[in-house]
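What follows is a short report on a single structure.
The values are calculated or read from the model by the stated rules, or taken from the named source; none is laboratory data. Predicted model, so just to flag it, every value in this text is computed and none were measured. Counting neighbours? That spans all protein chains shown, and the Cβs are built from the backbone with ideal geometry, glycine included. Ligands, DNA and RNA are excluded from the accessible area calculation, which covers all protein heavy atoms including side chains. Shrake-Rupley method; radii C 1.70, N 1.55, O 1.52, S 1.80 Å.
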Amino acid sequence: MAGIYIHVPFCASFCTYCGFYSEVLRDSALAGRYVSALCSEASSQRGFFPQGAVIRTVYFGGGTPSLLSPSQFEDICAALAASFDLSAVEEFTVEVNPDDICRSGGRELLKAYRGCGVNRVSVGVQSFHDAHLKWMNRRHDAVEAEKAVELLTGSFGNVSLDLIFGYSGLTDEEWEADIRKAAALGVQHISAYQMSLDAGSMLSKLADKGCYAEPDEDACRRQYFLLQDVLDEEGFVQYEISNFCRPGFHSRHNSAYWAREPYLGLGPGAHSFDGGRRRSWNVSDLRAWLDGAAAEGETLSDADIYNEKVMLGLRTSAGVEATLIGESAKHNLSFDAATGRYSIGRRDMFVSDSIIRDYLKTD
Ligand code: SF4
């Protein structure tokens with residue numbers, strides 16, 4: 001199993017909390033140059049995958065992939081199809097923002113996606129409350145978010161919706177309403193992230209100036225437990241710290257990351273992994289990438305590989321094989337005798353980072 005990730009480094013504006021690498025798209029010529037360079041990069045990487053690797057997933061992430069025009073999206077897909085065997089692709093995901101789906105031209109975008117084989121969309125809703133959306137500097141309001149999800153569920157049988165919790169001002173009642181609204185809209189998958197102070201984000205600058213204070217850990221824990229309980233009640237299964245799905249609708253692409261399957265990342269800032277010891281990444285700077293800056297990389301040691309297996313495996317509810325951590329298994333993991341695997345208990349997922357640290361090796 002193998003996957004292809006395409007990083008689209010453009011946003012229409014920056015969200016308050018976001019520290020991802022992207023650029024505000026002001027210049028359509030720049031998007032055109034990006035598409036040409038991406039197509040060339042796809043062709044130059046045609047020999048990337050080890051022999052026998054079968055490409056099962058394609059994922060357009062960002063940034064905001066839905067800022068690409070239908071023809072730009074189609075050009076990239078044509079370049080991918082010319083360079084790789086995509087005949088066994090099972091899951092083809094595009095991340096979209098609600099405002100791009102609702103604006104005039106949104107329907108053409110969805111038509112282009114379907115024509116190119118997209119069978120899953122991931123929509124960044126974050127909240128169904130206008131005051132919070134405004135504070136986050138999102139470009140949509142709650143009505144648009146709902147309309148976008150309805151359009152998407154009408155076009156695709158597999159829709160994922162992103163939500164955010166754990167920020168100052170979000171009450172438990174509002175959070176529960178967000179989760180219930182998402183479930184009621186008929187999506188198959190929900191990713192929910194706790195807001196954090198990401199380096200480079202506006203929010204971390206506000207916090208540094210004393211203009212924003214994160215909610216305390218008890219409030220965040222309460223909202224995380226609410227997330228687990230409400231989604232369980234609504235028929236969703238938790239399969240990773242932040243990811244919940246209706247049975248059978250887990251993200252194949254992300255699950256392959258956690259299982260350390262090979263993937264090729266194209267575009268500025270995109271990471272690649274050969275499935276063995278080699279990780280590499282493109283420069284996180286659009287202009288430098290356009291100018292042909294070489295990718296950097298590292299070769300993993302045995303300890304690195306062990307640590308990756310622990311970190312990635314324990315994020316998931318499937319956990320890790322007992323043989324991986326063997327004797328070191330401690331009180332803070334659950335053991336499933338039927339599968340022979342250790343995993344972090346449901347409620348402890350909230351403190352997974354500190355549990356995982358207990359099992360890492362230092363050189
Ligand atoms: S959250 Fe998404 S849309 Fe907002 S700035 Fe970050 S990448 Fe762009």
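Does the chain come out rounded, prolate or oblate by the C-alpha gyration tensor, with a ≥ b ≥ c the root eigenvalues, rounded set by a/c under 1.5 and, if not, prolate when a/b is larger than b/c and oblate if not?
Values: a/c = 1.45, a/b = 1.08, b/c = 1.35.
Since a/c stays below 1.5, the shape of the chain is classed as rounded.
Name the residues whose placed amide hydrogens come within less than 5 Å of the amide hydrogen of PHE10, ignoring near sequence neighbours (fewer than 5 apart) on the same chain.
Answer set, sorted by chain and number: GLU23, THR64.
To the nearest 0.05, how large is the calculated FRET efficiency for GLU327 and TRP281 if R₀ is 30 Å and r is the Cβ-Cβ distance? Intermediate results must be reported in sequence, preceding the final value.
Details: r = 35 Å, r/R0 = 1.15.
The calculated FRET efficiency here is 0.30.
Under the classification rounded if a/c is under 1.5, otherwise prolate if a/b is larger than b/c and oblate if not, where does region 178-336 fall, given a ≥ b ≥ c as square roots of the Cα gyration tensor eigenvalues?
Working: a/c = 1.58, a/b = 1.15, b/c = 1.37.
The shape class here is oblate.
Based on the Cβ-Cβ distance of ARG46 and GLU150, what FRET efficiency does E = 1/(1 + (r/R0)^6) give at R0 = 45 Å, to the nearest 0.05?
Working: r = 39 Å, r/R0 = 0.87.
Given R0 = 45 Å and the Cβ-Cβ separation, E is 0.70.
Tell me which residues come under 5 Å, amide H to amide H, from GLY275 once H is placed; ignore anything under 5 positions away on its chain.
Those lying under 5 Å, H to H, from GLY275 are TYR263.
With +1 on the Cβ of every Lys and Arg and -1 on the Cβ of every Asp and Glu, and nothing else charged, how large is the dipole of the chain about its Cα centre, in debye rounded to the nearest 20? Intermediate results must be reported in sequence, preceding the final value.
Working: 34 positive and 50 negative charges, 138 e Å.
For the chain, the charge dipole is close to 660 debye.
If R0 is 30 Å, what FRET efficiency do you get for GLU308 and TYR193 from their C-beta distance, rounded to 0.05? Before the final figure, lay out the partial values.
Numbers: r = 21 Å, r/R0 = 0.71.
Plugging the Cβ-Cβ distance into 1/(1 + (r/R0)^6) gives 0.90.
At a 1.4 Å probe, what is the % contribution of carbon and sulfur to the accessible area of the chain?
Answer for the chain: carbon and sulfur cover 49 percent of the accessible area.
In what sequence, largest accessible area first, do THR57, THR339, THR153, THR323 appear using a 1.4 Å probe? Numbers along the way, then the final one.
On the way: THR57 0, THR339 85, THR153 45, THR323 120 Å².
Accessible-area ranking of THR57, THR339, THR153, THR323, largest first: THR323, THR339, THR153, THR57.
With a 1.4 Å probe and every protein chain left in place, work out the accessible area per residue of the chain in Å², rounded to a whole number. Before the final figure, lay out each step's value.
Working: 16170 Å² over 363 residues.
With all protein chains present, the chain gives 45 Å² per residue.
Please work out, to two decimal places, the log10 of the ratio I(q)/I(0) at q = 0.21 Å⁻¹ from a Debye calculation in which every Cα of region 1-124 carries one identical scatterer.
Scattering profile of region 1-124, log10 relative to I(0): -1.30.
Classify region 137-179 as rounded, prolate or oblate, taking a ≥ b ≥ c as the square roots of the eigenvalues of its Cα gyration tensor: rounded when a/c is under 1.5, otherwise prolate if a/b is larger than b/c and oblate if not.
Details: a/c = 2.54, a/b = 1.88, b/c = 1.35.
It is prolate, given that a/c is not under 1.5 and a/b is the larger ratio.
Are there cysteines in the chain with no other Cys C-beta under 4.7 Å, and if so, which?
Isolated Cys, the chain: CYS11, CYS39, CYS102, CYS211, CYS220, CYS245.
Can you tell me which lysines have their Cα less than 24 Å from the Cα of LYS330? Leave out same-chain residues fewer than eight positions away.
Partners within reach: LYS309, LYS361.
For ALA177 and ALA337, compute 0.36 nm times the residue count separating them, minus their Cα-Cα distance, and round to one decimal in nm. All intermediate terms of the calculation are to be shown ahead of the outcome.
Numbers: separation 160, 0.36 × 160 = 57.60 nm, distance 3.76 nm.
Gain on stretching ALA177 to ALA337: 53.8 nm.
Once every DSSP H run of n ≥ 4 in the chain is given -39500 (n - 2.57) and the sum is divided by its residues, what mean residue ellipticity at 222 nm do you get, rounded to the nearest 500 deg cm²/dmol? Kindly include the intermediate steps, with their values, before the conclusion.
Details: 14 runs with 139 residues, N = 363.
After summing the helix terms and dividing by residue count, I get -11000 deg cm²/dmol.
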